[in-house]
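Chemist: Would you mind keeping the following structure in view while I ask a few things?
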């Protein structure tokens, strides 16, 4: 009985205790969260229905928001598509500075870089990029925006890749060839999953070996 009374008193005390309040989010934080939800909704719509069915109304419905809220954050479909690429493009998530700061041997650095790239390319949602690329063929203005976007990101990635191997004086041509090889192979591996073909680990290891050889080929002789 005494135990029950103590339990009740404890319960009343707990109920009467002041609740911890969460700090209120700023308008900027709420806006960023809404944009994130809309981009994720757009990715789901593209995965489930294809780029041709990526409309403002379908994305808003998928996100549980109104068309007005959607248009407040993305004034056009083109703007939404570019935001989707920002969320999915492999270049964005590669931790170049972290890889460089760890001072790994060249071979291990190459392996780490490619492993990070494959983690991104192997995501099921990455295929949305291909759907967008093919779907914009009949929309020259948007296609031109996507091509400019890709060129800008590729140039940035070449610069970051060169900086990651600055200790071996990797030339711009070397960074370009390594990047082109790795991206072409990993894109192909990702596309094969559409046909149910999973990449063997040995295939990825072969890409690493070739990339490593390119690093040595384009490095300054004294640094090999």
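The values are calculated or read from the model by the stated rules, or taken from the named source; none is laboratory data. These numbers were taken from a predicted model, which means no experiment stands behind them. Quick reminder, even Gly has a Cβ in these numbers, built from the backbone with ideal geometry, and neighbours come from all protein chains shown.
Chemist: Taking the condition in contact (Cβ under 8 Å) with a residue 40 or more places away in the chain, more than 21 Å from residue 139 (Cβ to Cβ) and in a helix (DSSP H, G or I), does residue 100 pass?
Modeler: yes
Chemist: At pLDDT 85 or above, assigned to a helix (DSSP H, G or I) and over 21 Å from the mean Cα position of the chain (by Cα): which single residue out of 32, 52, 14 fits that description?
Modeler: None of the others qualify; the one that does is 52.
Chemist: Kindly evaluate residue 65 against the criterion of being in contact (Cβ under 8 Å) with a residue 40 or more places away in the chain and over 21 Å from residue 155 (Cβ atoms).
Modeler: Criteria not met by residue 65.
Chemist: Could you please give the count of residues in segment 151-180 that are within 19 Å of residue 122 (Cα to Cα) and surrounded by fewer than 15 Cβ atoms within 10 Å (Cβ to Cβ)?
Modeler: Number satisfying all stated conditions: 1.
Chemist: Still on this model: Any residue that is without any contact (Cβ under 8 Å) to a residue 40 or more places away in the chain, farther than 21 Å from residue 40 by Cα and assigned to a helix (DSSP H, G or I) - is there at least one of those in segment 72-92?
Modeler: Scanning segment 72-92, I find no residue that is without any contact (Cβ under 8 Å) to a residue 40 or more places away in the chain, farther than 21 Å from residue 40 by Cα and assigned to a helix (DSSP H, G or I), so the answer is no.
Chemist: Quick one: count up the residues across segment 78-98 that are modelled with pLDDT of 90 or more and exposed (fewer than 15 other Cβ atoms within 10 Å of the Cβ).
Modeler: Adding up the residues that qualify gives 1.
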